[in-house]
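See below for the structure under consideration.
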Amino acid sequence: MKSSHAQVLSQCPQCVCFNLLKSARAITRFYDAALQPIGIQGTQFSLLAVLHHVGELPITEIAEVLGVDRTTLTRNLKTLVGRGYVGVDQGKDARTKSVKLTGAGRDILMKALPLWEQAQQKVVDGLGPSRFKGLLKELAAIRALTR
């Protein structure tokens, strides 16, 4: 029995979850460092970019777009609201809250964009365009697999 456990445990370094989390932490640090000069993080940039793209949306819908739970989104929004980058208002009914980008949020997003573009280009160049496209395709397949 012990040897069976040892054999299974020896495969853990090949765990998809472990490797994706490790990669996600590394790429998050990379984008955070790129955006550090203007004082936002990669996750905040993504949220601001989504709001710029889609306009005003209920918190639940934004969480779906970003692939995070409401609690995580609410925590991330708190900082952006405090800095005046995002506004949160009552939604169409009393049970929902709607989120939108403010003028200050658009301004910081536009300042962040060149820094993000440089970081993004480093990743694309490092992987090469075809590997980068393949990576995006594989990540989408993993998301679809887990639904």
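For the stretch 31-147, the alpha carbon convex hull comes to 114 Å³ per residue, rounded to a whole number. Pairs of lysine residues in the chain that meet both criteria, 8 or more places apart or on different chains and Cα atoms under 24 Å apart, total 12.
Near Arg83, no amide H atom lies under 5 Å from its own; only residues 5 or more places off or on other chains count, and H is placed 1.01 Å from N.
Accessible area per residue (1.4 Å probe, heavy atoms of protein chains only) ranks Thr102, Thr43 as Thr43, Thr102, with the largest value leading.
For Thr74 and Ser130, a Förster radius of 41 Å and the Cβ-Cβ distance give a FRET efficiency of 0.60, rounded to the nearest 0.05. When the chain is treated as a GNM with alpha-carbon contacts under 10 Å, the residue of Arg95, Arg70, Arg25 showing the greatest mean-square fluctuation is Arg95. Each other residue within a Cβ distance under 13 Å of Lys100 adds +1 if Lys or Arg and -1 if Asp or Glu, for a net charge of -1.
Extension gain, Val88 to Arg106: 0.36 nm times the residue separation minus the Cα-Cα distance gives 5.0 nm. Electrostatic bookkeeping for Asp89 treats Lys and Arg as +1 and Asp and Glu as -1; over the other residues with beta carbon under 11 Å from its beta carbon, the sum is +2. The accessible area of Asp93, taken with all protein chains in place and a 1.4 Å probe, comes to roughly 50 Å².
FRET efficiency for the pair Thr60 and Ser4, taken as 1/(1 + (r/R0)^6) with r the Cβ-Cβ distance and R0 = 30 Å, rounds to 0.10.
The values are calculated or read from the model by the stated rules, or taken from the named source; none is laboratory data. Quick caveat: nothing in here was measured; it's all calculated off a predicted structure. Every residue, glycine as well, gets a Cβ built from its backbone with ideal geometry; the counts of neighbours run over all protein chains shown. Ligands, DNA and RNA are stripped out before the accessible areas are found, and what is left, the full protein with its side chains, is counted by its heavy atoms. Shrake-Rupley method; radii C 1.70, N 1.55, O 1.52, S 1.80 Å.
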